[in-house]
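K.L.:
Have a look at this one.
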Amino acid sequence: MPLLRYTVNQEDEGLRIDIFLARTSELPSRTFVQKLLKNGRVTVNAQTVKPSYLLQKGDLVTVDFEEPKPPTVEAEDIPLDILYEDQDLVVVNKPRGMVVHPAPGNQRGTLVNALLNYCKDLSGIGGVIRPGIVHRLDKDTSGVLVVAKHDQSHLSLARQLKQRTMVRLYLALVHGRPSAVEGTISAPIGRHPVHRKRMAVSAEGRPATTYYRILEELGPYTLLQVQLSTGRTHQIRVHLQYLGHPVAGDQVYGRRTEPFTIEGQALHAATLRLLHPRTGQLMEFTAPLPSDFQRVLAYCRKKWEKK
């Protein structure tokens, strides 16, 4: 195990120890430093300290740690529904229940694992964990997603996302009926103040804008077409909950039970429009509704069709 020692000089006196260590080139991040402090792997003058400890001139700081292993992602033979492919990009129809890229608790079975097996050339801009990934869909959101095969393609697609020229249209079955046939939801989104794995509308959040239009009224439910202007985490689900019309089947932001069965939320990335990164040609890709979403709509139409 590497053992690091530092003697605090006058210039660093008064600094928090976590900030001091995060500034060193030997340790990868402040988060990594926080873990070392929490696990008692950092001492000052042979005594463990809290991250808030303020350094004094002459303090002897000792760090005992294991070097983090570089992340790796294994290719897996997982079937993919390819909507389009050429030398620059791949467009896939992601199934509900599949995570886009590996993360703690989901190291295997992701879209990236499948892509590494299917496609040998992917953009490296996203790093080892997210090769080729330009944008994401939640685990339980199905639909169309574009993947870049090389860096130039990735840069072009990312620029379209940033400039909001890439059009992403979703279908969402929600509770209730919005008061307006179409509307705009502009509300900043950030981490929930209590439930840190959830997002919420928050004054401290990042700007977020979502457009919606009513497609069909189905008794206590409404089918919406939703368009993203920005791409915050869980944006559509959070904004529709904020509007008072949570997505059906959403166990996090919606209601616990429904009169029908659906695995995950009734939210589907139906259409993606973009300019081809090489030719500049306008292209549109559409992913069909999953069979369980179709069954839910059929159930609603039969049960609450207008007499």
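K.L.:
So G109 passes all but one of these: (1) of a type outside the set (F, W, Y); (2) within 30 Å of F293 (Cβ to Cβ); (3) part of a loop (DSSP other than H, G, I, E, B); (4) in contact with a Ser or Thr (Cβ under 8 Å, 6 or more places away or on another chain). Which condition number does it fail?
P.N.:
Condition (4) is where G109 drops out.
K.L.:
Say whether the condition of being more than 27 Å from S229 (Cβ to Cβ) and of a type outside the set (K, R) is met by at least one residue in segment 157-168. Explain how you work it out, then say what you get.
P.N.:
Taking segment 157-168 as the starting set, the residues that turn out to be more than 27 Å from S229 (Cβ to Cβ) are none.
No: segment 157-168 contains no residue that is more than 27 Å from S229 (Cβ to Cβ) and of a type outside the set (K, R).
K.L.:
Could you tell me whether any residue of segment 90-105 is within 20 Å of A269 (Cβ to Cβ), small (G, A, S) and in the same structural domain as R278 (by TED's automatic domain parsing)? I'd like the intermediate steps shown before the answer.
P.N.:
Step one: filter segment 90-105 for residues within 20 Å of A269 (Cβ to Cβ), giving 90-101, 103.
From the residues that got through so far, the ones that are small (G, A, S) too are 97, 103.
From the residues that got through so far, the ones that are in the same structural domain as R278 (by TED's automatic domain parsing) too are none.
No: segment 90-105 contains no residue that is within 20 Å of A269 (Cβ to Cβ), small (G, A, S) and in the same structural domain as R278 (by TED's automatic domain parsing).
K.L.:
Within segment 11-22, count every residue that is of a type in the set (G, A, S) and exposed (fewer than 14 other Cβ atoms within 10 Å of the Cβ). Before the answer, list the steps.
P.N.:
To start, the set of residues in segment 11-22 that are of a type in the set (G, A, S) comprises 14, 22.
Filter again for exposed (fewer than 14 other Cβ atoms within 10 Å of the Cβ), leaving 14.
Of the residues in segment 11-22, 1 are of a type in the set (G, A, S) and exposed (fewer than 14 other Cβ atoms within 10 Å of the Cβ).
K.L.:
Scan (1) without any contact (Cβ under 8 Å) to a residue 60 or more places away in the chain; (2) surrounded by 15 or more Cβ atoms within 10 Å (Cβ to Cβ) for the single condition N106 breaks and write down its number.
P.N.:
(2)
K.L.:
Okay, next question. Residues of segment 23-66 being under 13 Å from L3 (Cα atoms), surrounded by 12 or more Cβ atoms within 10 Å (Cβ to Cβ) and among the charged types (D, E, K, R), which ones?
P.N.:
Passing the criteria: R41, D64.
K.L.:
Something else now. Where in segment 218-307 are the strands (runs of 3 or more DSSP E), entirely inside, with at least 1 residues that are touching a strand residue (DSSP E or B) at 6+ places or on another chain (Cβ under 6 Å) and without any contact (Cβ under 8 Å) to a residue 60 or more places away in the chain? First the steps, then the outcome.
P.N.:
On the way: elements: 221-228, 267-275, 282-286.
Because the criterion is at least 1 residues that are touching a strand residue (DSSP E or B) at 6+ places or on another chain (Cβ under 6 Å) and without any contact (Cβ under 8 Å) to a residue 60 or more places away in the chain, the strands (runs of 3 or more DSSP E) in segment 218-307 that meet it are 221-228, 282-286.
K.L.:
Of the residues in segment 186-216, how many are in contact with a His (Cβ under 9 Å, 6 or more places away or on another chain), under 30 Å from P104 (Cα atoms) and either part of a strand (DSSP E or B) or outside the structural domain of Q235 (by TED's automatic domain parsing) (or both)?
P.N.:
6
K.L.:
Does segment 160-174 contain any residue that is in contact with a Ser or Thr (Cβ under 7 Å, 6 or more places away or on another chain), within 20 Å of P288 (Cα to Cα) and modelled with pLDDT of 95 or more?
P.N.:
So far as segment 160-174 goes, yes, one or more of its residues are in contact with a Ser or Thr (Cβ under 7 Å, 6 or more places away or on another chain), within 20 Å of P288 (Cα to Cα) and modelled with pLDDT of 95 or more.
K.L.:
Can you pull out every residue in segment 168-185 that is touching a residue at least 24 places away in the same chain (Cβ under 8 Å), surrounded by fewer than 18 Cβ atoms within 10 Å (Cβ to Cβ) and either assigned to a loop (DSSP other than H, G, I, E, B) or of a type in the set (S, T, Y) (or both)? Can you show your working first?
P.N.:
Start the filter on segment 168-185 by keeping residues that are touching a residue at least 24 places away in the same chain (Cβ under 8 Å), which leaves 168-178, 181-185.
Next cut, surrounded by fewer than 18 Cβ atoms within 10 Å (Cβ to Cβ) only: 176-177, 181-184.
Residues satisfying the conditions are G176, R177, V181, T184.
K.L.:
Moving on to the next point. If we scan segment 45-65, do we find a residue that is closer than 18 Å to L122 by Cβ and small (G, A, S)?
P.N.:
Residues of segment 45-65 that are closer than 18 Å to L122 by Cβ, as a first pass: none.
No, because not a single residue in segment 45-65 is closer than 18 Å to L122 by Cβ and small (G, A, S).
K.L.:
Continuing with this model, one more query. Being at pLDDT 95 or above, not polar (S, T, N, Q) and not assigned by TED's automatic domain parsing to the domain that holds D77 is the requirement here; does L145 meet it?
P.N.:
Values: at pLDDT 95 or above: yes; not polar (S, T, N, Q): yes; not assigned by TED's automatic domain parsing to the domain that holds D77: no.
In short, no.
The values are calculated or read from the model by the stated rules, or taken from the named source; none is laboratory data. Bear in mind the structure is a predicted one, so any value in this text is a computation, not a measurement. Neighbour counts are summed over all protein chains in view; Cβ atoms, including those assigned to glycine, are modelled from backbone coordinates with ideal geometry.
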